[in-house]
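Remarks on the structure that follows.
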Amino acid sequence: MGVPAFFRWLSRKYPSIVVHSVEEKPKDCNGIKIPVDTSKPNPNEVEFDNLYLDMNGIIHPCSHPEDKPAPKSEDEMMVAIFEYMDRLFNIVRPRRLLYMAIDGVAPRAKMNQQRSRRFRASKEGVELTEEKKRLREDVISNGGYLPPEEAKERFDSNCITPGTEFMDNLAKCLRYYIADRLNNDPGWKNITVILSDASAPGEGEHKIMDYIRRQRAQPHHDPNTHHCLCGADADLIMLGLATHEPFFTIIREEFKPNQPKPCALCSQFGHDLKECQGLPREKKGEHDEFADRPPGCEQEFIFIRLNVLREYLEKELVMASLPFPYDFERAVDDWVFMCFFVGNDFLPHLPSLEIREGAIDRLVTIYKNVVHKTGGYLTESGFVNLERVQMIMLAVGEVEDSIFKKRKDDDESFKRRNKEKRKRMKREKQQQQPSFLPSGQFAPQALGHGNRSGSNVVSNPRQAAYEMRMQNAKFGGQDGGASGTKRKADDSDSEPEPEDNIRLWEDGWKQRYYKNKFDVEASDEKFRRKVVQSYVEGLCWVLRYYYQGCASWKWFFPFHYAPFASDFENISDLFKDFEKGTKPFKPLEQLMGVFPAASGNFLPETWRTLMSDPDSSIIDFYPDDFALDLNGKKYAWQGVALLPFVDERRLRAALEEVYPDLTPDEMRRNSLGGDHLFVGKHHPLNDFLHELYKANSKEQTEIPPELCHGIQGQLDTDEGAILPNEVVESPIPVLRNLTENYSISIKFKDPQFEEEFVFKAVVLKGAKKPPITLKPGDFEKTNNNGRPWRPQIGFNHNRKSVHLDQSSFRTLGHVLPQTRGPPRGGQYSNIPPPGAYNSGSAYRMSSRQPQMQNFVTPIDPRAQTSWGNRPPLYNQPPQRLYGLMQNLAPPFQNPQSGQGGPSQYYQRHGDRNRQGYNQGRNSQYPPQSGRYNWK
């Protein structure tokens, strides 16, 4: 979930961290879709080594999208997930590793947030179903037309939780997908694939971080590895900084506000659910090709360069005349720690710190002023110095009262501006209407309607004209618009707001806060101390989680609200250490802890009875309705769901009685699993794994790092493994089986360390500092001689922008439909342009569409060379001969590096000693199978 509004704040404050991706599109040849050759050089002009996929950020938008109609079946969802991953692989093109991580059983601290979100989703789903039913009846009764309701159950997104049949089927589909790509896609030929499905405990992004930490501690790890992590959570930025890897990039979808969404009743675009009138569906496009999605709605991807963010922070966190040596890496760790105070997935944010109010900037300012007195940094490798943190928090507490008063003033000013804006819009609307409309005999009638014969003949025209003059004189001086009626007392321009009983801007705010939120008096020092102690434990737990892994699977923050910063007095002795040897929940146990009773159909029958039976010993864990405290916010999704916390001991005691009722399949889904490693036919590790299966090895075996790009870990044979020359059955009926399979899979386990081992948060020896990217003007809000900042496309900062002259703009306006401003005519205005639509940014589209090259300036083809000079870290394995697959062409000679590799794509300058990827294009590939051209 991450920190709300964090990325928006970060991208506005440090705009140069964002780079728009360049995506090569598949070509269409006589109706046949030709996939992109991902073995060719990356069009973004940077070669990535490892790609990590936080799969839950892919599963959710593919299974219940917001910008297009939802898939009709589970099979369509799986194919949508495959296509989404194909796009990501096409953009990033990793050369060593692809790591897929699905959320497994989460720590108890995370389960509280999961419980809140799933209860809300279930409640909102029921309310939406009832509203759709009511509106459908209204539309049909008014003569509107709506498509008949499909006889299918509403998709419950709560099924995207470990332990459900949906997640079990997803793991099977992903194993098929990996095998298909390893056999048929040339870009996958030499990479290692690791799948950590929902049976492996831990959140997806933290399983990825744990893998990186453990590989960094190995002697064969390349300290200059180029990492790319895909995910939409804002906390991935802090996780990436916590690795201290010099080359770390995050890829995510570009957020585009105000995108059209389909109506939930008629599935048409252009109106909301409440505005649906049941009108006939209009034709979208010449051949109705945009019926399900309007043009220009395809999501684009952006890169977030953490090395550029480090450049920004290096300037912002500079501190002179410190009484101790300055260490930028330690300062970055402190910055990450301070971001936790504005909110995260495990702790509520402090009442006085709102990220939209510049809370992080305020914390950094206080930190730079107080750090001279602390005697050192706040954190070290994930461990907190509470005595120093106390000084920061008390400094925030001194300004809490002024923060609350300023928040109130800003809120009143915002309401005042909105009120004036509504009045201005209302006046402008009235000015567009006639000041007076005659009635009676002289009332205006539509052309072609009405009849002047019979009763409509004008009678006594002089009297009627006199009445009209009197009526106009009566209403002309009133500010009542066309109607001339007075405003009613309840016709207010302001929106109703919930009553605020806390009133933080008035004296006595602390007493009212504790009385309303915790139902205790502020004078109860013992209770306040307990809340502060739990919050301090939470800060230590979260930082340890980010830097070392899960310190305790049982700990959680047992309150809905946070204390004040001024309450953090004498906290140095409030925390010692966490309980050792804790274990995660099992998958079905977690479902019982986070699911509402409405989602009980995903559980065994006797288990779901515990959720609904009035005589159940844990029935109080599953309320049918619950209160939602907006807590000073405006929208319901920002509020606090006041749900009871689950008592682990009571839950386990109740489940002991129903455990014997589990079937063998349910027992399998309720067990904890591990990761699986996949390689293709041409991978150097393939023969080694084949020999393990031939020898029927039952013991764990260490991976030879020289055969797997320096990756280390333990291997164990798998009974249900994918093996060469064995058919891989498709779990999706529309996709065919893989009859010619040469890939192989095996169980994989990360390198193991002692429980007390500490992963050092430092830059590794041998790491090369990335070239400086920012210019002096980039540190300002505007550059380019005062012109607004514009995003960069691709990683080469020397890439020339596309320029269009006036004739080109006229051509675009003649060919492409205009999406903004008044509509333009023209005989070609309704004809779709060649290639894919991209109305979101015509400039970026022109640089990517080869069809438009006749009137755009070509892009500078110079290759980027600022990523190189990396020494070899381990011996290279001898080159293997693959028969017909052997590359017979001479190696590519890179004019900048002096020597190319066997892969025939541009290598980074100085990478001549790195292990080759052998992605030659002169190879004869096996016949394509399983490409997803299904109907």
Quiz prompt | Selection within region 659-698 - basic (Lys, Arg) and either in contact with a Cys (Cβ under 7 Å, 6 or more places away or on another chain) or free of Cβ contacts under 8 Å to residues at least 40 places away in the same chain (or both) | solution = 668, 694, 698
Quiz item: What number of residues in region 693-751 are in a loop (DSSP other than H, G, I, E, B) and either small (Gly, Ala, Ser) or out of contact with any helix residue (DSSP H, G or I) (no Cβ under 8 Å at 6 or more places or on another chain) (or both)?
Solution: 23
Self-check item: Checking residue 329 against (1) modelled with pLDDT of 95 or more; (2) buried (at least 19 other Cβ atoms within 10 Å of the Cβ), the condition it does not meet
Solution: (2)
Quiz item: How do the pairs read when you match residues in region 509-533 that are surrounded by 14 or more Cβ atoms within 10 Å (Cβ to Cβ) with residues anywhere that are aliphatic (A, V, I, L, M) and assigned to a helix (DSSP H, G or I), using Cβ under 9 Å and keeping only pairs 6 or more apart or on different chains?
Solution: 514/531; 518/531
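Can you say whether residue 334 is surrounded by fewer than 20 Cβ atoms within 10 Å (Cβ to Cβ) and in the same structural domain as residue 537 (by TED's automatic domain parsing), as far as the supplied structure shows?
Taking the combined requirement at face value, the residue does not satisfy it.
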Quiz prompt | Test result for residue 565, modelled with pLDDT under 95, within 30 Å of residue 410 (Cα to Cα) and surrounded by fewer than 18 Cβ atoms within 10 Å (Cβ to Cβ) | solution = no
Self-check item: Single condition residue 162 does not satisfy, out of (1) outside any helix (DSSP H, G or I); (2) surrounded by fewer than 20 Cβ atoms within 10 Å (Cβ to Cβ); (3) not hydrophobic (A, V, I, L, M, F, W, C)
Solution: (2)
Quiz item: Exactly one of (1) in a helix (DSSP H, G or I); (2) free of Cβ contacts under 8 Å to residues at least 24 places away in the same chain; (3) of a type outside the set (A, V, I, L, M, F, W, C) is unmet by residue 623. Its number?
Solution: (1)
Quiz item: How many of the residues making up region 322-344 are in contact (Cβ under 8 Å) with a residue 24 or more places away in the chain and outside any helix (DSSP H, G or I)?
Solution: 6
Quiz item: Assuming residue 631 fulfils every condition listed in (1) in a helix (DSSP H, G or I); (2) over 29 Å from residue 195 (Cα atoms); (3) in contact (Cβ under 8 Å) with a residue 40 or more places away in the chain apart from one, which condition is it?
Solution: (1)
Quiz item: Name the residues in region 46-72 that are over 20 Å from the mean Cα position of the chain (by Cα) and either at pLDDT 90 or above or not assigned by TED's automatic domain parsing to the domain that holds residue 302 (or both), would you?
Solution: 46, 47, 48, 49
Quiz item: Going through region 190-211 one residue at a time, which ones are over 18 Å from residue 105 (Cα atoms), surrounded by 24 or more Cβ atoms within 10 Å (Cβ to Cβ) and out of contact with any strand residue (DSSP E or B) (no Cβ under 7 Å at 6 or more places or on another chain)?
Solution: none
Quiz item: Just to be sure, is residue 347 in contact (Cβ under 8 Å) with a residue 24 or more places away in the chain, over 28 Å from residue 402 (Cα atoms) and under 20 Å from the mean Cα position of the chain (by Cα)?
Solution: no
Quiz item: Does region 126-146 contain at least one residue that is in contact with a Ser or Thr (Cβ under 8 Å, 6 or more places away or on another chain) and more than 25 Å from residue 753 (Cβ to Cβ)?
Solution: no
Quiz prompt | Residue ID - farthest from residue 575 (Cα to Cα), chosen from residues in region 370-418 that are in a loop (DSSP other than H, G, I, E, B) and not polar (S, T, N, Q) | solution = 399
Practice problem: Answer yes if at least one residue in region 207-222 is over 21 Å from residue 714 (Cβ atoms) and in contact with a Phe, Trp or Tyr (Cβ under 8 Å, 6 or more places away or on another chain), and no otherwise. | Solution: no
Quiz item: When region 122-160 is examined, which residues are found to be over 20 Å from residue 274 (Cα atoms) and among the aliphatic types (A, V, I, L, M)?
Solution: 151, 160
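Does residue 30 qualify as being modelled with pLDDT of 90 or more and of a type in the set (S, T, N, Q)?
So residue 30 does not fit the description; no.
The values are calculated or read from the model by the stated rules, or taken from the named source; none is laboratory data. Bear in mind that the values here come from a model prediction, so they are computed numbers and not experimental data. Don't worry about glycine lacking a Cβ; one is built from the backbone with ideal geometry, like all the others, and counts go over all protein chains shown.
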